[in-house]
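For reference, the structure is listed below as structure tokens.
The values are calculated or read from the model by the stated rules, or taken from the named source; none is laboratory data. Note that the structure is predicted; figures quoted are calculated from it, not measured. Ideal geometry is used to build each Cβ from the backbone, glycine not excepted, and the neighbour counts take in all protein chains shown.
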Amino acid sequence: MPSRLRRSCFSVESRSQKPGVRMRQAARNFQDLIVWQKAHKFVLAAYKITRTFPQSEIYGLTSQLRRAAVSIPANIVEGFKKAGKADKSRFLNIAQGSLEESRYYLLLAQDLGYCDSSQILKQLEEVSKLLDAYNRTIKKSITG
């Protein structure tokens with residue numbers, strides 16, 4: 001995986017004094033995290049797509065998908081503020097579990113004929129790659 005992707009999922013780009021030169025800074029808050037930004041956009045897309053689900057699914061698949069989707073950026077946020085790297089990694093792993101749960105619900109919704117989930121699944125895959133890279137980097141810093 002390119003090093004640019006590993007760094008970009010938890011840092012923010014800024015412009016230096018020199019034209020055309022970009023520098024990486026550590027994220028100061030969770031909103032600076034690229035992985036959180038992409039996960040948040042996924043949640044918005046999940047809410048939008050579930051509006052088209054049948055009313056009979058409001059307490060079923062609609063609720064389950066929304067809950068799992070919201071859990072992804074929420075756990076990224078919670079992990080961001082944890083002081084210990086093992087704690088950070090644990091919350092990122094929970095986010096990864098919620099991501100896979102969301103993936104299943106989207107596949108189920110498509111199989112039930114509620115939506116075409118191909119586009120939102122591509123969005124989710126991007127979040128998955130960023131989250132994996134972020135968690136791998138945290139784990140690597142734990143082991144040295």
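Summary table
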{"read-out": "Every residue from segment 107-144 that is in a loop (DSSP other than H, G, I, E, B), at pLDDT 95 or above and not hydroxyl-bearing (Ser, Thr, Tyr)", "value": "112, 113, 115, 116"}
{"read-out": "Count of residues meeting criterion [under 17 Å from residue 34 (Cα atoms) and surrounded by fewer than 14 Cβ atoms within 10 Å (Cβ to Cβ)] in segment 67-101", "value": "1"}
{"read-out": "Residue list for segment 87-144, filter: aliphatic (A, V, I, L, M) and under 24 Å from residue 53 (Cα atoms)", "value": "99, 106, 107, 108, 109, 112, 120, 121, 124, 127"}
{"read-out": "Test result for residue 104, modelled with pLDDT of 95 or more and surrounded by fewer than 18 Cβ atoms within 10 Å (Cβ to Cβ)", "value": "yes"}
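Residue-by-condition table, conditions (1) over 16 Å from residue 42 (Cβ atoms); (2) touching a helix residue (DSSP H, G or I) at 6+ places or on another chain (Cβ under 9 Å); (3) not charged (D, E, K, R):
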| site | (1), (2), (3) |
| --- | --- |
| 59 | yes, no, yes |
| 64 | no, yes, yes |
| 76 | no, yes, yes |
| 108 | yes, yes, yes |
| 130 | no, yes, yes |
